[in-house]
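Some notes on the structure that comes next.
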Amino acid sequence: MAVRLDRLLHGVLDELRIHPVRKRVRALHGDTAVVDSTHAVIVWEPRRVVASYAVPVDDVAASLVPYAGPVPDPPAARPGRPLLLDPRVPFGVHLGAGTPLTLRGDAFELPGAAFRSDDPDLAGHVLLDWDAFTTWLEEDEPVMGHPHDPFDRIDCRRSSRHVVVAHGGHVLADTTRATFLFETPLPTRFYIPREDVRMDLLTPSESTTVCAYKGRASYWSATLGGESLPDIAWSYEQPLLDAEPVKDHLAFFDERLDVTLDGQRLARPVTPWS
């Protein structure tokens with residue numbers, strides 16, 4: 001019997017998952033190189049959907065001291081949905097056994113920015129909080145958001161299929177010129193040229209997010225029929241290389257809207273953004 005790879009990967013979410021990488025990985029705090037390693041390991045902690053880097057202790061230019069500060073609680077599981085630690089859940093939430101640590105250097109201190117797992121396969125390594133550092137480099141290329149997942153990718157494909165996005169009878173977008181963005185673990189996103197979006201119904205938001213593969217996103221909100229829809233759409237003004245085909249296009253959270261593709265209403269996907 002054939003094995004579906006997505007089910008295989010999702011079937012081990014409760015486990016600590018690791019994968020060695022061959023890249024040189026560096027992390028800077030300001031202008032100080034705190035981490036410089038050619039023996040990094042990508043680590044998905046239990047229930048984490050994006051990875052962190054773990055590096056040998058010898059590759060960290062700082063003292064590692066026990067962290068005694070507050071530890072955030074994991075999010076509550078939602079009825080009928082598995083507990084997932086998505087990128088909004090802080091690094092300090094760990095469902096596996098281990099010890100939180102502080103990185104201390106001559107001119108800096110990063111409280112709780114490291115975690116020593118009790119798993120023997122990570123002996124001599126520490127996991128690192130991506131957000132505790134100013135800059136991350138893979139070889140000499142800056143990277144943002146989180147480590148690039150070797151089992152994840154995006155593909156952008158132009159399509160003439162008819163896409164309509166609506167809410168409560170109000171059409172937000174109607175196009176046959178969308179670019180479909182396929183990202184391995186996520187639902188297909190429909191990026192729509194602004195000319196085919198009712199921009200008069202949208203208000204720019206101050207929210208931003210960072211995607212390791214697409215770049216920094218800006219958001220729009222809407223109020224339709226008296227209902228507020230905060231941060232319901234987003235775009236990439238200066239996308240990274242793989243996402244250049246969706247520059248200045250808008251995508252919508254299908255999880256909270258009605259999307260019709262070639263006349264067929266699509267089921268709303270269930271994701272952390274539902």
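The residues of segment 167-182 that are within 26 Å of the chain's Cα centre (by Cα) and surrounded by fewer than 18 Cβ atoms within 10 Å (Cβ to Cβ) amount to a single one, F182. In this structure, G215 qualifies as assigned by TED's automatic domain parsing to the domain that holds L257, on the phi > 0 side of the Ramachandran plot and surrounded by 19 or more Cβ atoms within 10 Å (Cβ to Cβ). Taking the listed residues T260, T209, T271, the one that is surrounded by 14 or more Cβ atoms within 10 Å (Cβ to Cβ) and closer than 20 Å to R177 by Cα is T260, with no other qualifying.
Of all residues in segment 85-100, those satisfying the criterion of being in contact with a Leu (Cβ under 9 Å, 6 or more places away or on another chain) and either part of a loop (DSSP other than H, G, I, E, B) or closer than 28 Å to D31 by Cα (or both) are F91, V93, H94, L95, G96. When A173, A166, A243 are checked against the criterion of being closer than 24 Å to R88 by Cα and not in a loop (DSSP other than H, G, I, E, B), A243 stands alone in meeting it. Scanning segment 1-19 for residues that are basic (K, R) and assigned to a loop (DSSP other than H, G, I, E, B) yields a single hit, R4. What's the total number of residues in segment 101-130 that are surrounded by 14 or more Cβ atoms within 10 Å (Cβ to Cβ) and either part of a helix (DSSP H, G or I) or not assigned by TED's automatic domain parsing to the domain that holds W44 (or both)? Number satisfying all stated conditions: 2. Looking across segment 101-141, the residues that are farther than 18 Å from P87 by Cβ, of a type outside the set (A, V, I, L, M, F, W, C) and free of Cβ contacts under 8 Å to residues at least 60 places away in the same chain come down to T102, R104, D106, E109, P111, R116, D118, P120, D140, E141. Filter segment 132-163 down to the residues that are within 19 Å of A54 (Cα to Cα) and outside any loop (DSSP other than H, G, I, E, B) and list them by number. The answer is A132, T135, W136, L137, E138, E141, P142, V143.
If you go through segment 205-226 and keep only what is assigned to a strand (DSSP E or B) and touching a His at 6+ places or on another chain (Cβ under 6 Å), you end up with just L224. Restricting attention to segment 186-204, the residues being touching a residue at least 12 places away in the same chain (Cβ under 8 Å) and either in a loop (DSSP other than H, G, I, E, B) or among the acidic types (D, E) (or both) number 5. Of the residues P70, P46, P82, P74, the single one that is in contact with a Leu (Cβ under 6 Å, 6 or more places away or on another chain), farther than 19 Å from H148 by Cβ and part of a loop (DSSP other than H, G, I, E, B) is P46.
Just give me the residues in segment 49-66 being part of a strand (DSSP E or B) and either touching a Phe, Trp or Tyr at 6+ places or on another chain (Cβ under 7 Å) or at positive phi (or both), in sequence order.
Of all residues in segment 49-66, those part of a strand (DSSP E or B) come to 52-56, 60, 63-66.
Scanning segment 49-66 gives a single hit, S52.
All conditions in (1) of a type outside the set (A, V, I, L, M, F, W, C); (2) surrounded by fewer than 17 Cβ atoms within 10 Å (Cβ to Cβ); (3) part of a strand (DSSP E or B) hold for R22, with the sole exception of (3).
The values are calculated or read from the model by the stated rules, or taken from the named source; none is laboratory data. The model shown is predicted, which means the values in this text are computed figures rather than measured ones. Note that each Cβ is placed from the backbone with ideal geometry, even for glycine, and that neighbours are counted across all protein chains shown.
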